[in-house]
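See below for the structure under consideration.
The values are calculated or read from the model by the stated rules, or taken from the named source; none is laboratory data. All figures in this text were calculated on a predicted structure; none of them were measured in a lab. Neighbour counts are summed over all protein chains in view; Cβ atoms, including those assigned to glycine, are modelled from backbone coordinates with ideal geometry. To get the accessible areas, we keep the full protein, side chains included, count just its heavy atoms, and leave off ligands, DNA and RNA. Shrake-Rupley method; radii C 1.70, N 1.55, O 1.52, S 1.80 Å.
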Amino acid sequence: MTQGIGYAHGKIILMGEHAVVYGEPAVAIPFPAVKIKATVEKNQGKTSIDCLFYKGLVDEMPELLESLHKAIDISLQKIKKNDWLTIKIESTIPAERGMGSSAAVAVAVTRAIFDYYDCSLTDEQLLEIVNEAEKIAHGNPSGLDALMTSSHVPYYYIKNQELSPFDLNLHGVLVVGDTGITGKTKEAVQDVADKVKHSPETYGADIRALGQLARESLYFLENDLPEELGKHMSAVHKLLRDLGVSSKELEQLITAALSAGALGAKLTGGGRGGCMIALGKDKKHGIDIAQSLANAGAAETWIFEMNGGSIID
Ligand code: MEV
């Protein structure tokens with residue numbers, strides 16, 4: 001084969017970010033509105049990564065590139081090859097914004113390498129490789145990002161437990177707003193860990209409350225209860241704010257979404273920048289919320305119809 005190709009997409013955490021690192025459940029959906037494509041070819045010299053995606057970011061966060069090299073090295077070890085490769089990455093996933101960009105790039109590159117060598121890659125192998133890479137990018141990954149950027153179905157996810165996909169049966173639209181600011185998930189995860197360690201009675205209770213909200217939300221998602229889900233989203237955001245992972249820009253976008261009548265709104269992913277999500281009743285409501293987010297300074301918005309079972313972007 002002259003070229004290997006691999007794909008991945010973004011993800012949205014509806015409930016349970018940060019708490020999922022501590023064994024609490026999270027609820028997440030694939031977000032194919034943003035995607036990544038990796039191509040792999042043999043190279044005569046050193047392995048090179050042409051990664052427009054991370055330009056400008058790698059100076060600030062060299063571990064992003066390091067984690068990608070890890071995924072490449074493990075993939076080659078598993079395939080028992082020692083070649084130099086040229087890897088090209090094209091992505092529409094904004095990096096470090098809570099949409100799973102670092103996991104997605106590792107998923108796409110791993111798939112492209114296995115495709116190049118015409119080797120089969122099981123889901124378990126893929127998750128193992130990507131989670132190893134994510135340890136560099138994210139420090140202590142729960143495994144949720146690797147799963148969601150490689151899967152096409154929503155999951156109710158608990159770390160180290162059997163995977164459980166669920167039926168999304170909600171009529172409503174999800175509006176995603178990007179603050180345009182990089183989130184630095186690794187630092188946010190570490191700061192939450194410090195808080196939980198030093199004040200377990202306060203922050204440990206927040207983590208458990210986030211888990212409970214995720215558990216209850218699964219029922220709302222499966223049984224088309226958008227109003228209830230919206231209230232839980234806002235309750236989750238309050239807890240995440242207490243944990244110190246919101247930001248001024250996220251608060252501005254969340255306030256704007258709620259003033260446009262969103263049923264609920266929260267940050268999504270690691271926080272400290274990155275993206276927020278709001279729940280709207282229908283497409284028209286979603287457009288109004290997106291307009292309100294743009295007026296409040298969102299760098300980009302996406303409207304995602306969850307049409308009672310199918311996810312339409
Ligand atoms: C990052 O997208 C989600 C976090 O919960 C970290 C993790 O699950 O590894 C903050």
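Of everything in region 298-313 that's part of a strand (DSSP E or B) and farther than 12 Å from Val173 by Cβ, which residue is modelled with the highest pLDDT? That would be Glu300.
Whenever a residue of region 71-100 is open to solvent by 80 Å² or more (accessible area, probe 1.4 Å), its partners that are of a type in the set (A, V, I, L, M) and within 16 Å of the ligand (Cβ to nearest atom), lying with C-beta atoms within less than 6 angstrom and at least six residues away or across chains, give the pairs Thr92/Val34. The residue list Ala106, Ala112 contains one member that is more than 10 Å from the ligand (Cβ to nearest atom), under 17 Å from the mean Cα position of the chain (by Cα) and not β-branched (Val, Ile, Thr), which is Ala106. Determine if region 119-141 includes at least one residue that is in a helix (DSSP H, G or I), in contact (Cβ under 8 Å) with a residue 60 or more places away in the chain, closer than 30 Å to Gln291 by Cβ and in the same structural domain as Ala38 (by TED's automatic domain parsing). For region 119-141, residues in a helix (DSSP H, G or I), in contact (Cβ under 8 Å) with a residue 60 or more places away in the chain, closer than 30 Å to Gln291 by Cβ and in the same structural domain as Ala38 (by TED's automatic domain parsing): absent. Of all residues in region 177-189, none that is without any contact (Cβ under 8 Å) to a residue 12 or more places away in the chain and open to solvent by less than 20 Å² (accessible area, probe 1.4 Å) has its Cβ atom under 9 Å from the Cβ atom of a residue that is of a type outside the set (S, T, N, Q) and within 11 Å of the ligand (Cβ to nearest atom), 6 or more apart or on another chain.
I need the full set of residues from region 220-261 which are of a type in the set (Val, Ile, Thr) and surrounded by 19 or more Cβ atoms within 10 Å (Cβ to Cβ), in order please. Scanning region 220-261 gives Val236, Val245, Ile254. Looking only at residues in region 142-154 that are under 21 Å from Glu187 (Cα atoms) and assigned to a loop (DSSP other than H, G, I, E, B), the one that is nearest to the ligand (Cβ to nearest atom) is Ser142. Here are some residues: Ser142, Ser150. Which one is touching a Leu at 6+ places or on another chain (Cβ under 9 Å), closer than 17 Å to Gly100 by Cβ, modelled with pLDDT of 95 or more and buried (at least 16 other Cβ atoms within 10 Å of the Cβ)? Every option except Ser150 fails the conditions.
Residues in region 126-135 that are more than 20 Å from Ile29 (Cβ to Cβ) and more than 13 Å from the ligand (Cβ to nearest atom): Glu128, Ile129, Glu132.
Applying the criterion of being near the ligand (Cβ under 9 Å from one of its atoms) and open to solvent by less than 10 Å² (accessible area, probe 1.4 Å) to the residues of region 19-35, the residue that is farthest from Phe166 (Cα to Cα) is Ala19. In the list Leu293, Leu213, which residue meets the criterion of being open to solvent by 20 Å² or more (accessible area, probe 1.4 Å) and modelled with pLDDT of 95 or more? The conditions single out Leu213. Taken together, Asn82, Asn169 contain a single residue that is at pLDDT below 95, touching a Leu at 6+ places or on another chain (Cβ under 9 Å) and closer than 30 Å to Asn223 by Cβ, which is Asn169. Do we have any residue at all in region 272-282 that's within 15 Å of the ligand (Cβ to nearest atom), open to solvent by 60 Å² or more (accessible area, probe 1.4 Å), among the basic types (Lys, Arg) and over 14 Å from Gly172 (Cβ atoms)? Yes, there is a match, as at least one residue in region 272-282 is within 15 Å of the ligand (Cβ to nearest atom), open to solvent by 60 Å² or more (accessible area, probe 1.4 Å), among the basic types (Lys, Arg) and over 14 Å from Gly172 (Cβ atoms).
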